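Working notes for the structure below.
Please treat every number below as a calculation from the coordinates, not as lab data. Given the structure is predicted, the values throughout are model-derived calculations rather than measurements. All Cβ positions, glycine included, derive from the backbone under ideal geometry; neighbour counts span all protein chains shown.
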Amino acid sequence: MSECKKGLILEGGAMRGLFTAGVIDVFLENGIQFDGAVGTSAGATFGCNFKSRQPGRVLRYNKKYAGDSRYCSISSLIKTGNLYNADFCYRRLPDELDQFDYETYRKNPLEFYCVVTDVVTGKPMYKKLDTCDQTDLTWMRASASMPLVSKVVEVDGYKLLDGGITDSIPLAYFEELGYNKNVVVLTQPRKYEKQRSGALWLMKLLLKKYPEVVKAMEKRHEVYNLQKKEVFEKADREDLIVICPEKPLGISRTEKNPDELQRCYDLGRRAALTNLERVRSFLKN
């Protein structure tokens with residue numbers, strides 16, 4: 001009999017990730033454990049708090065700082081090339097303003113991965129983040145660096161952007177690693193279908209140095225919709241569990257209203273509590 005490896009797969013979606021934060025907080029509060037987790041974009045930047053065992057942190061710092069121009073603003077985009085200010089989000093925030101528990105993160109045996117897109121090859125890459133040191137945080141930042149509003153991130157000899165360009169729902173990767181008991185958290189409802197981006201013309205202009213990533217953007221909607229279809233087919237066979245919103249969250253990708261962030265988070269909590277005993281039984285059996 002093959003070893004049972006329990007995996008948690010976290011889709012991105014910028015501030016839709018508050019839904020995910022609600023889900024993982026309920027898991028933390030109720031002792032739901034996994035052997036590994038993988039996050040794309042906000043699934044990584046928010047999901048790392050599951051490994052550091054800090055329920056409430058994602059909601060707390062987003063409600064406090066989402067409207068702060070140092071966190072996310074057009075002025076940051078103009079001055080630094082990044083809508084989400086890299087120094088504020090990945091240094092000041094975790095080190096000073098709402099401290100990340102690096103020690104607990106490192107001691108927790110859960111394996112945590114993020115997904116990025118190599119802009120040179122147009123292919124996804126997967127990075128195991130063992131310590132959440134500055135190099136790991138740079139990989140995480142790359143995972144959440146949305147095209148058009150972020151500079152290409154250079155780390156360890158690679159040039160990278162948002163993992164959602166090439167692998168929004170990294171279930172197949174985790175299955176390749178041997179994770180065979182998986183819970184997938186999505187930030188879009190089951191009936192959602194991604195459409196071809198209307199900004200492709202601008203991406204072709206701004207990313208003309210990287211034609212392979214432009215090709216990946218052109219077929220992103222097709223890849224995503226196929227991934228989502230396969231996930232729900234497996235869920236229908238009870239091979240995995242999906243937790244997702246019942247309807248579109250209706251929240252902006254760069255939402256700043258604390259009430260909207262709270263609403264989205266509460267929907268995630270509600271979905272997790274509804275599925276809690278099913279998840280517990282699935283992971284146990």
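Over the stretch 103-247, Cα pairs under 8 Å with separation of 6+ residues give a relative contact order of 25 percent.
When restricted to Cα atoms, the stretch 144-272 yields an Rg and a Dmax of 16.5, 44 Å, respectively. Only helices enter this figure: runs of n ≥ 4 DSSP H residues, each worth -39500 (n - 2.57), summed and divided by the residues of the chain, yield -12500 deg cm²/dmol at 222 nm to the nearest 500.
When the C-alpha to C-alpha distance is required to be over 18 Å, the pairs from Lys51/Lys228; Lys6/Lys234; Lys5/Lys128; Lys151/Lys209 that qualify are Lys51/Lys228. In the stretch 130-198, Cα pairs under 8 Å separated by at least six residues give a relative contact order of 20 percent.
Residues of the stretch 155-175 with amide nitrogen under 17 Å from the 7 Å Cα-to-Cβ point of Glu212? Hits in the stretch 155-175 for Glu212 at 17 Å: 155-167.
Convex hull volume per residue, computed on the Cα atoms of the stretch 8-50, equals 51 Å³. Size estimate for the chain follows the Kirkwood approach: the inverse of mean 1/r over distinct Cα pairs works out to 18.8 Å. The share of C-alpha pairs in the stretch 32-85 whose separation exceeds 15 Å stands at 59 percent. Taking label points 7 Å from Cα along the Cα-to-Cβ direction, Ser281 and His221 give a separation of 3.9 nm. About the centre of its Cα atoms, the chain shows a dipole size close to 640 debye [charges on the beta carbon of Lys, Arg (+1) and Asp, Glu (-1) only; nearest 20 debye]. Placing unit charges on the Cβ atoms only, positive for Lys and Arg and negative for Asp and Glu, gives the stretch 71-219 a dipole magnitude near 780 debye about its Cα centre.
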